[in-house]
Amino acid sequence: MPELLTIGETMAAFAPRENGPLCYIHDFTLRAAGSESNVAAGVCKLGHTAGWISRLGGDGLGRFILNAVRADGVDASHVPVVEGERTGAMVKEMSAGGETSVYYYRDGSAFSHYIPEMLDEGYLADCRVLYLTGITPLLGEGCLQAVQRALQAARAAGAMIAFDPNIRLKLWAGRDCAPLIRGLMLQSDIALLGVDEAQRLLGTGSPKEICEILFREGRVRMVAIKNGDQGAWAAVPGELYPIKPHPCRCIDPVGAGDSFNAGFLCGVLEEAPVLRCGEMGAVCGALATQTVGDTEGQPTRRQLDSILQNSDAVYR
């Protein structure tokens, strides 16, 4: 059984071949993009096992996504392709300054119809980590209930719960979803969040205060606080470590947080000290920004170990 399991929607992502306003772009590259499957892929590339729970439309885009996720080594045995339903999609717009905007077309998608009765709780019984995000609960009432059931089932089986708020204000649609997402985060064992997300959910951007709140008010016992190219922090009760950013040449920042999470959680699976978990996350997050696409830049185990050991890999 996979060491890490996750549940969420992956979309067909249309990435422009050049920068500029979307209305002038004619050529796109098709990729798979979803926070949960991104993390699962990153975990597999680092030598661990991961499974992804989802639902896809029985169209060409759904089959493309299924093939792409499986190609990265992720177990997709619990991802039905449903004929007569459609797969969610997203379109990226990239400015010359490096900013990426995203437009979503996921209303009425196959995954938005997910309900808790579709969840195979037996599949969750042997995983060590269940990774959840604040995206999935906002895709429909059934999705929220499925997340809650998955959390309860995994915890009952002894798994750790890892949670990233992954705030997408477009999904909030004017609603105040902070209490819901904050509540789920406080039920987790491992919280993975950005400084800006902490400000919105906890009312502070101070790493020390973030950790104090999470350790005091919830079940959280391990925290990673991400701050983009400024680095990160990693903490357990009584210990808070700054993590230096790994140097990189950023082309597309989308997916960096997911790759950080993959590296960090692999450290957790290896029972590494929290500082090393943070260092693994920082390297993985940085390398992911050097390509267009969410998973293409994720490192292999060989690449990660070479960097962490400050050694020069021989490629030919």
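Return the FRET efficiency for the residue pair Gln199, Gln148: r is the Cβ-Cβ distance, R0 is 30 Å, and the value is rounded to the nearest 0.05.
Values: r = 26 Å, r/R0 = 0.86.
Once rounded, the FRET efficiency stands at 0.70.
Provide the net charge surrounding Phe14, with neighbours chosen by a C-beta distance below 9 Å and charges set as Lys +1, Arg +1, Asp -1, Glu -1.
Within the 9 Å Cβ shell, the charges total +2.
Between Met1 and Glu117, what is the spin-label point distance in nm, taking each point 7 Å from the Cα along the Cα→C-beta axis?
Computed distance between label sites Met1 and Glu117 equals 2.4 nm.
For the chain, report the accessible area per residue in Å² (1.4 Å probe, heavy atoms, rounded to an integer).
With all protein chains present, the chain gives 43 Å² per residue.
Could you give the spread of the C-alpha atoms of the range 13-106 along their three principal axes, from largest to smallest, in whole angstroms?
Principal-axis extents of the range 13-106 (Cα, largest first): 39, 36, 17 Å.
Take the alpha-carbon centre of the range 232-289, take the same for the range 166-203, and report the distance between them in whole Å.
Rounded to whole Å, the Cα centres lie 19 Å apart.
In µm²/s, what is D for the chain at 37 °C and 0.692 mPa s, where D = kT/(6 pi eta Rh) by Stokes-Einstein and Rh is the Kirkwood radius from Cα pairs?
Estimated via Stokes-Einstein, D reaches 168 µm²/s.
For the chain, calculate the relative contact order in percent as a whole number, restricting contacts to Cα pairs under 8 Å that are 6 or more residues apart.
It rounds to 15 percent for the chain.
Give the peptides 136-149, 195-208, 19-32, 279-292 in descending order of average Cβ contacts within 10 Å, highest first.
Values: 136-149: 19.6, 195-208: 17.4, 19-32: 13.1, 279-292: 23.8.
The packing order, highest mean first, is 279-292, 136-149, 195-208, 19-32.
Quick one: Cα convex hull volume of the range 54-199, Å³ per residue?
139 Å³
Report the residues of the range 82-97 in range of a label on Arg17: point 7 Å along Cα→C-beta, backbone N strictly under 20 Å from it.
90-96
Show that you can apply the helix-only estimate: for the chain, add -39,500 (n - 2.57) for every DSSP H stretch of four or more residues, divide by all residues, and state [θ] at 222 nm to the nearest 500. Show your work: numbers first, answer last.
Details: 11 runs with 112 residues, N = 316.
Taken over the chain, the calculation gives -10500 deg cm²/dmol.
State, to one decimal in nm, how far the label point of Gln290 lies from the label point of His26, with both points 7 Å from Cα in the Cβ direction.
3.3 nm
Run the accessible area of the chain with a 1.4 Å probe and give the carbon-and-sulfur part as a rounded percent.
Numbers: 6840 of 13480 Å².
Of all accessible area on the chain, carbon and sulfur atoms account for 51 percent.
Looking only at the range 102-252, where both bridge partners belong to it, what percent of the DSSP beta bridges are antiparallel (to the nearest 5)? Walk me through the numbers on the way to the answer.
On the way: 9 of 21 bridges.
The antiparallel proportion sits near 45 percent.
Would you mind computing, in nm to one decimal, how far apart the modelled labels at Asn67 and Cys250 are, each placed 7 Å from Cα along Cα→Cβ?
Result for the modelled spin labels: 3.3 nm.
Please list Glu270, Glu85, Glu9, Glu117 in order of solvent-accessible area, largest first, computed with a 1.4 Å probe with all protein chains present.
Largest accessible area first, the residues go Glu117, Glu270, Glu85, Glu9.
Based on Cα coordinates alone, diagonalise the gyration tensor for the range 122-178, multiply each eigenvalue by 5, take square roots, and list the semi-axes in whole Å, largest first.
24, 11, 7
What is the Cα centroid distance between the range 25-43 and the range 78-116, reported in whole angstrom?
Taking the Cα centre of the range 78-116 as reference, the centre of the range 25-43 is 10 Å away.
Expressed in nm to one decimal, what extension gain is obtained for the pair Asp229 and Ala157 from 0.36 nm per residue of sequence separation less their Cα-Cα distance?
Residue separation times 0.36 nm, minus the Cα-Cα distance, leaves 22.2 nm.
Highest first, please rank the peptides 150-156, 160-166 by the mean number of other Cβ atoms sitting within 10 Å of their residues. Show your work: numbers first, answer last.
Working: 150-156: 18.4, 160-166: 23.7.
Descending mean neighbour count gives 160-166, 150-156.
Can you list, largest first and rounded to whole Å, the semi-axes you get for the range 90-137 by taking the square root of 5 times each eigenvalue of its Cα gyration tensor?
The equivalent ellipsoid of the range 90-137 has semi-axes of 32, 17, 7 Å.
Rounded to the nearest 5, what is the percent of antiparallel bridges among the DSSP beta bridges in the chain?
That works out to approximately 45 percent antiparallel.
Using a cut-off of 12 Å between beta-carbons, work out the net charge of the residues near Gly42 (Lys and Arg +1, Asp and Glu -1, Gly42 not included). Kindly include the intermediate steps, with their values, before the conclusion.
Working: positive: Lys45, Arg301; negative: Glu36, Asp72, Asp258, Asp294, Glu296.
Around Gly42, the charge tally is -3.
How much of the calculated P(r) for the range 165-251 lies past 22 Å, in percent of all Cα pairs?
Result: 27 percent of Cα pairs exceed 22 Å.
Limiting things to C-alpha atoms, what are the Rg and the maximum Cα-Cα separation (Dmax) for the range 113-227, in angstroms?
Rg then Dmax for the range 113-227, in Å: 14.0, 40.
Give me the net charge of Phe64's neighbourhood, meaning all other residues with Cβ under 12 Å from the Cβ of Phe64; Lys, Arg count +1, Asp, Glu -1.
It works out to a net charge of +2.
The values are calculated or read from the model by the stated rules, or taken from the named source; none is laboratory data. Computed from a predicted structure; not experimentally measured. FYI the Cβ positions are ideal-geometry reconstructions off the backbone, even for glycines, and counts take in every protein chain you see. In case anyone asks, the SASA skips ligands and DNA or RNA and just uses the protein heavy atoms, side chains included. Shrake-Rupley method; radii C 1.70, N 1.55, O 1.52, S 1.80 Å.
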